[in-house]
Amino acid sequence: MALVGAVAAPHSHLQLFTRPAESEDYRRKVQQGRDAMFVLRRAVEKADADTILILHDDHFVNFDFRCYPPFALFVGKEAKGSGVMAPDRIEEITGAVYRRYEGKSAYQSAPDGIPQHMADWEGQKPYVYRVDTDLSIGLLKGLLQRGFDMPFTTVGTMDGELVLTTNFLNPAADKSIVLMLTNGYVPPLPWPRRCYALGRAMREIIDESERRVLVLATGGMSHYPGTPLYGEVDEAFDRHILALLAAGEGSKLAALTPEELMHHGDGELVNWIIAAGIVGDRKSTVVEYVRLWHIGLGYTYWEV
Ligand SMILES: [Fe+2]
């Protein structure tokens, strides 16, 4: 079949947590973000995909400094993860039901001192996604054939951020996934022009496959995790990016440099730029932009 749609959505925890809880303004903005997620969920449902191709920047869960690749395809049968808070509360907010997964009822069993939603404790993770191995392998081989020396990994941990996004967008977890991890976090980042070209090549392979594929790019927008600039948000740049996508000019993102992405706090746009490459210059629908104290949250989707 082919590409049936694409979505770009945040993976920020702040859509679940309300900090500071005492602020009404903050609570309102968090709800605004959740409402936007539900609009994206309807776009996902309408696209009626078999497989969700996820583009997600790793948060030191699968990659570390022994090897930090610009991109890596997960090759395995299942990707596992855990939420960022108790499953009951996640179900209340998103409708995602963890207990549905046979034999896995615990969510909080990471070793002491390790954040339970990030650690690699594969065996006990309660949230399990079936991987579309045919498409994963097809992408891996097809990208190698097209000149992309694509790394691959058999570790498919879905960190709490990614699980959060899929909880909102596919709460029944009834679609298979393909997981491509990226470096949107540790400079030097991959070049946007390479991300865009990668997306173009992936599109060719998607078009040759028998699947109905929906692309999900997570992350962003502007924020400065782990730096003295934490708390700054480059709202003007975020809005500029969203305007380009809405105008069907996603290819212009390929002209950015990695330094520009970092400067604007938008390293995670590498995922969005790959998605833009897959979709091509097609207009997106911008659902929402919410500026929280430390991050700009952008929500958009493409109908194909
Ligand atoms: Fe992130």
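Would you be able to say whether some residue in the stretch 176-190 is assigned to a helix (DSSP H, G or I), touching a residue at least 12 places away in the same chain (Cβ under 8 Å), over 18 Å from residue 9 (Cβ atoms) and not basic (Lys, Arg)? Checked the stretch 176-190: no residue is assigned to a helix (DSSP H, G or I), touching a residue at least 12 places away in the same chain (Cβ under 8 Å), over 18 Å from residue 9 (Cβ atoms) and not basic (Lys, Arg). When 88, 25 are checked against the criterion of being among the acidic types (Asp, Glu) and under 19 Å from residue 128 (Cα atoms), a single residue qualifies: 88. In summary, residue 201 fulfils each of the numbered conditions (1) outside any helix (DSSP H, G or I); (2) more than 18 Å from the chain's Cα centre (by Cα); (3) away from the ligand (no atom under 16 Å from the Cβ) with the single exception of condition (1). With respect to the stated conditions, residue 140 is aliphatic (A, V, I, L, M) and modelled with pLDDT of 95 or more.
For the stretch 36-62, the set of residues classified as touching a Lys or Arg at 6+ places or on another chain (Cβ under 7 Å) and surrounded by 13 or more Cβ atoms within 10 Å (Cβ to Cβ) consists of 49, 50, 51, 52, listed by residue number.
Taken over the stretch 137-159, the criterion of being in contact with a strand residue (DSSP E or B) (Cβ under 7 Å, 6 or more places away or on another chain) and either farther than 13 Å from residue 127 by Cα or assigned to a helix (DSSP H, G or I) (or both) is satisfied by 139, 140, 150, 151, 152, 153. Identification of helices (runs of 4 or more DSSP H) wholly contained in the stretch 235-304 with 3 or more residues that are touching a Pro at 6+ places or on another chain (Cβ under 8 Å) yields 258-263, 269-279. When the residues of the stretch 1-32 are filtered to those that are in a loop (DSSP other than H, G, I, E, B) and within 16 Å of the ligand (Cβ to nearest atom), the one that is surrounded by the fewest Cβ atoms within 10 Å (Cβ to Cβ) is 17.
Looking only at the stretch 143-164, filter to residues that are more than 18 Å from residue 64 (Cα to Cα) and at pLDDT 95 or above; which one of those is surrounded by the most Cβ atoms within 10 Å (Cβ to Cβ)? If we take residues in the stretch 143-164 being more than 18 Å from residue 64 (Cα to Cα) and at pLDDT 95 or above, then 143 is surrounded by the most Cβ atoms within 10 Å (Cβ to Cβ). Among all positions in the stretch 240-253, there is no residue which is within 19 Å of residue 186 (Cα to Cα), modelled with pLDDT of 95 or more, in contact with a Gly (Cβ under 7 Å, 6 or more places away or on another chain) and not β-branched (Val, Ile, Thr). If only residues of the stretch 211-268 that are closer than 29 Å to residue 158 by Cβ, touching a residue at least 40 places away in the same chain (Cβ under 8 Å) and β-branched (Val, Ile, Thr) are counted, the one that is farthest from the ligand (Cβ to nearest atom) is 213.
The values are calculated or read from the model by the stated rules, or taken from the named source; none is laboratory data. Since the model is a prediction, treat every value here as computed from it, not as a measurement. Cβ atoms come from the backbone with ideal geometry, glycine included; neighbour counts cover every protein chain shown.
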